[in-house]
Amino acid sequence: VLVESVLVFAVVLAVHAVVWDRFSWCAVALAVQAFYAQFKWDRLLRLGGAVFQFRGAANSGLLPASMVIPLLGVVMKERCRAAGSVYFERFGVVVASTGMLLALFLSVLAVGITKPVPTNTCILTGIAGSVIIYTMKHSLTVSEVIEVLEVLLIFVYLSMILLYLLPRCFTPGEALLVLGGVSFVLNQLIKRSLNVVEGRGDPIDFFLLVAVVGVVLLGLFFTVLFMFMDSGTWISSMFFHMMTAVLGLGVIMPWLYRLIQRNPLFWLLQFLFQTQTRLYLLLYWTFLAASACGVVFYQNAKRSSESKKHQASTITRKYFHFIVVATYVPGLIYDRQLLYVAAVLCLAVFIFLEYIRYFRIKPFGQTLRHLLSLFLDERDSGPLILTHIYLLLGMSLPVWLFPRSCAPKGTLPGAGALVPYSGVLAVGVGDTIASVFGSTMGEIKWPGTKKTFEGTMTAIFAQIIAVALILIFDSSVNLNSSYAWILASVSLVSLLEAYTTQIDNLLLPLYLQIMLMA
């Protein structure tokens, strides 16, 4: 935990040194108080005093998770200010303020339920909170303050509902990241739905917002419904499929139509088959999806009836990382907009299939349970299987969060040109190589972890080679001699992979994106 905290502080101070404004000072104050509050959460988890059931075999992860959204907002604000985009500069300010307020809320919650009351942590939390609120008071307009408070309110209610319904699925830090992100998306969708201006806004952004909110609302609806009826019967399964069609065609489609001012299905078909390059990419991705399904079926066929407890090895699970890299790299080079939309569709399909598995919806629910049980690891301790969804999110978030409006030529200068590749580098290359080489040839373990020195060093070397290959094959990338910063960023994130107990598929790409954008 201490080494993980040191690495997070290194990222915070690196961003602070580059940005050096009131919000970067607030980020430093937030990091200090989150470091102390994290130990309160860890103690509550050990003693079973936390309000909800969180994922075991991991620390709370409050510090690394608390810094992600504020730092993303800070670096986005700085990039958009340099590009002269006032609207998105203010958006970055709102993102940073929202992230700080959500992290403060989680820290205050830990302090409030810790007995006896930790005096020093209370004082630090009060000082950090005062600094952040004072900065927000002098930086945000009234409408922006209301927007931040709306996200906080949504987060509180969403946390109470989902953490109760999904025990042992998240650590406090993962809950902050996932539910904070969903709360922000929901608030953005409501805000944009109430202020629709024809021709304003990119349809693919609206597509992402509606897809995320749609699948979350769908899950909440069926969770409540199946509290009162058995989800495993044919009648319930037919009702599930019927209501999915009704909600999709009767709520989500009209909502999307209102936002993009055209038929969503016709727009999607026109978008997907607009050019010949897109057609080739879709055919290639279909082949890779079939290959991934083939790996699942082959590994299950190898599982004999005598070894029902057999689990897939680390190297076997990393096959999917290689497939995902092969999926994303051509999309990033040839058509990022298509990759953006395809990733949204894939996320919706993954979550929908998880609903079918979780609720045992006929005819595929039980089959999915059997097929995916082979690939479970210690992080899938709750009722949901989320690791494959986290892998998709880790690869997609750098693409979705890339500030296109602040990059007039479609790319950012210097190391920022690698921002869309953050998921490929951190998870697809770094995490995969570290796991494969560490588990097969690693002998020197990092103190206090199961990760090896050889795995981490090989991961750093592999990511440097990957950056060189990106420079060769992607003509839009121009690093402007920022090689030392890239090496430092890759090294910090690789060390974080060795020491964090959080979901690395989600955390590592976001930290690499923050460093590259800074």
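The values are calculated or read from the model by the stated rules, or taken from the named source; none is laboratory data. Note that this is a predicted model, so its numbers are computed, not measured. Positions of Cβ are backbone-derived with ideal geometry, glycine not excepted, and every protein chain shown enters the neighbour counts. When the accessible area is computed, the model is the full protein with side chains, heavy atoms only, and any ligands, DNA or RNA have been set aside. Shrake-Rupley method; radii C 1.70, N 1.55, O 1.52, S 1.80 Å.
Details
- Dipole-positive endmost among I113, L507, F437 within the chain (Cβ charges, Cα centre): I113
- Charging the Cβ of each Asp and Glu at -1 and of each Lys and Arg at +1, and nothing else, the dipole of the range 1-191 about its Cα centre rounds to 240 debye.
- Test item: Cα-centred dipole of the range 79-227, Lys/Arg +1 and Asp/Glu -1 on Cβ, debye: 260 debye
- Burial order of peptide ranges 250-259, 394-403 (average beta-carbon count within 10 Å, highest first): 394-403, 250-259
- Per residue accessible area in Å² of the chain, where ligands, DNA and RNA are left out and the probe is 1.4 Å: 45 Å²
- Spatially proximal lysines relative to K450 (Cα-Cα < 21 Å; intrachain offsets below 8 disregarded): K318
- Sorting the segments 283-289, 149-155, 234-240, 491-497 by their mean number of nearby beta carbons within 10 angstrom, highest to lowest, gives 491-497, 149-155, 234-240, 283-289.
- Applying a 4.7 Å cutoff between beta carbons, the unpaired cysteines of the chain are C26, C122, C169, C293, C346.
- Portion, in percent, of the accessible area of the chain that falls on carbon or sulfur, probe 1.4 Å: 70 percent
- Anchor K445: aspartates and glutamates whose Cα lies under 12 Å away (excluding residues fewer than 8 positions away in-chain): E454
- Remark: the range 443-518 is approximated by an ellipsoid whose semi-axes, taken from the C-alpha gyration tensor as √(5λ), come to 25, 14, 10 Å, largest first.
- Cα-based convex hull volume of the range 174-299 per residue, rounded to whole Å³: 176 Å³
- In the range 165-266, taking the dipole from charged Cβ atoms about the Cα centre, the farthest positive-side position among S193, F226, C169 is held by S193.
- Calculated mean residue ellipticity at 222 nm for the chain: -24500 deg cm²/dmol, from DSSP H runs with n ≥ 4 weighted as -39500 (n - 2.57), summed, divided by the residue count and rounded to 500.
- Within the range 408-461, trypsin sites (Lys or Arg not before Pro) in DSSP loop having at most 11 other beta-carbon neighbours inside 10 Å: K409, K450
- Straight-distance candidates among the aspartates and glutamates for linking to K451, with alpha-carbon spacing under 18 Å and chain neighbours fewer than 8 residues away dropped: E4, D377, E378, D431, E443, E497, D504.
- Amide H contacts of T452 (H built 1.01 Å from N, under 5 Å, at least 5 apart or other chain): W446
- Shape descriptor for the range 1-191: Rg over Rh equals 0.96 (Cα atoms; Rh from the Kirkwood inverse mean 1/r).
- Charge dipole (the chain, unit charges on Cβ, about Cα centre) - positive-most of L401, S60, V145: S60
- Sequence ranges 88-96, 119-127, ranked by mean other-Cβ count within 10 angstrom, highest first: 88-96, 119-127
- Per-selection Rg to Rh, the range 312-452 - Cα, Kirkwood hydrodynamic radius: 1.03
- Radius, Kirkwood style, for the chain when every pair of distinct Cα atoms is counted (Å): 23.9 Å
- Volume of the convex hull of the range 135-174 (Cα atoms only), normalised per residue: 70 Å³.
- Span-rule helices in the chain, defined as complete DSSP H runs reaching 15 Å or more along the axis (Cα) with Kyte mean at least 1.0: 2-19, 62-83, 86-113, 142-165, 203-225, 234-247, 336-358, 387-400, 453-473, 483-499, 504-517
- Nonlocal Lys pairs with alpha-carbon distance under 25 Å, the range 1-191 (8 or more apart, or different chains): 4
- Per principal axis, descending, Cα span of the range 370-518 in whole Å: 46, 35, 24
- Overall shape of the range 106-253 was characterised from the C-alpha gyration tensor. The equivalent ellipsoid obtained from it has semi-axes of 35, 25, 9 Å, in decreasing order.
- A simple charge model with +1 on the Cβ of Lys and Arg, -1 on the Cβ of Asp and Glu and nothing else charged puts the dipole of the chain at about 560 debye relative to its Cα centre.
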